[in-house]
Structure formats: structure tokens, C-alpha cells
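The values are calculated or read from the model by the stated rules, or taken from the named source; none is laboratory data. Please read these numbers as outputs of a predicted model, since none were measured by experiment. Please note: Cβ atoms are built from the backbone with ideal geometry, for glycine as well, and neighbour counts cover all protein chains shown.
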Amino acid sequence: MYMTGRSRFYSEKPFVIKSCIDQRKEIFVAKVKGYFPKSEYNNLLPLPPIFRNIEIENKEEVIGEYMYSQAQKHSLPMTKKDRKLTTLVDTNGQYMVFNNYYLWLLIDLGFIITDYKAITVFEKNTAY
């Protein structure tokens, strides 16, 4: 594992981003969309590999009938959105940021990248 240094370059070109990810030589932070195929769900069920702190709306169709009725019963505010730490098997159609080691782990587990937005590549083992 390398310690990051100064930023070498930033790119929004999909072919540059794909090349950096596929070569597995650089230290980077990439913003991508993706998902795991349904055939991998059984393997990922014990611990879905994408950890995110996402915003959840307090609607019955989102949180479920039981939780919604309990919230109303105890007079909890239902108009504001809550932030929850959760595990996912896809990026929910949003761009999410991953570092190189985490993204390579996801790819090895079967993660399919559908869209590339940006990448920042860093130098290895250099001072800031």
C-alpha cells in the first residue's frame, strides 16, 4: 500500500479514467457509477461491499409500513430526511467516489462500472 503525495493530474475523459483503473498502477480517486450483477447477489448477501452514508426520505414506500406507523405513533417528524450508514450492492444511479484499492476490490468481487465521471491521480510516496 502506498501513501499518496501530490496530485499528478485530473481528468474527466472516460478513456483516461478507464485506462487508469484497468492498469492498476496508479493511486487515484475516481467518481463512477456501477452495480453488481444479480448473479453475484447471493455471494454478497452476508455483507454488501459498498458502504455509504445516504439520505433517506421518511415515506412509507421507502422505510416500510411498520416503521412508518411506529414513527407516526410516537410523533416523530416525518417531513425531514434522515442520514443513515448503510451497505449497498449498487450506486443507486448516482456517481460515487472510490479510491483505487477499494475500487479494485469491488471490481474483483464482480462490480461493473457503467459510467465514469472524473479521476484524480496522485504521486506515490512523496511529500505533500
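What do you reckon, is LYS31 in a helix (DSSP H, G or I), modelled with pLDDT of 90 or more, among the basic types (Lys, Arg) and within 28 Å of GLY5 (Cβ to Cβ)?
Against the criterion (in a helix (DSSP H, G or I), modelled with pLDDT of 90 or more, among the basic types (Lys, Arg) and within 28 Å of GLY5 (Cβ to Cβ)), LYS31 does not qualify.
To keep it simple, each residue is scored yes or no on (1) in contact with a Cys (Cβ under 8 Å, 6 or more places away or on another chain); (2) at negative phi; (3) not assigned by TED's automatic domain parsing to the domain that holds LYS124.
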{"site": "VAL16", "(1), (2), (3)": "no, yes, no"}
{"site": "CYS20", "(1), (2), (3)": "no, yes, no"}
{"site": "GLU26", "(1), (2), (3)": "yes, yes, no"}
{"site": "VAL32", "(1), (2), (3)": "no, yes, no"}
{"site": "LEU45", "(1), (2), (3)": "no, yes, no"}
{"site": "VAL62", "(1), (2), (3)": "no, yes, yes"}
{"site": "GLU65", "(1), (2), (3)": "no, yes, yes"}
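Is it true that some residue in region 82-95 is within 27 Å of ARG6 (Cα to Cα), assigned to a strand (DSSP E or B) and assigned by TED's automatic domain parsing to the domain that holds THR120?
no
Return the residues of region 1-28 that are farther than 16 Å from VAL97 by Cα, assigned to a helix (DSSP H, G or I) and of a type in the set (D, E, K, R); say none if nothing qualifies.
Within region 1-28, just ASP22 meets the criteria.
Which number in (1) in contact (Cβ under 8 Å) with a residue 24 or more places away in the chain; (2) at negative phi; (3) part of a loop (DSSP other than H, G, I, E, B); (4) loosely packed, with under 11 Cβ neighbours inside 10 Å marks the one condition that THR79 misses?
So THR79 meets the others, but not (1).
Out of the residues in region 82-96 that are in contact with a Phe, Trp or Tyr (Cβ under 9 Å, 6 or more places away or on another chain) and hydrophobic (A, V, I, L, M, F, W, C), which is surrounded by the most Cβ atoms within 10 Å (Cβ to Cβ)?
So, considering only residues that are in contact with a Phe, Trp or Tyr (Cβ under 9 Å, 6 or more places away or on another chain) and hydrophobic (A, V, I, L, M, F, W, C), the one surrounded by the most Cβ atoms within 10 Å (Cβ to Cβ) is VAL89.
Please pick out the residue among ASN92, ASN99 that is over 17 Å from CYS20 (Cβ atoms) and under 11 Å from the mean Cα position of the chain (by Cα).
From the options ASN92, ASN99, the qualifying one is ASN92.
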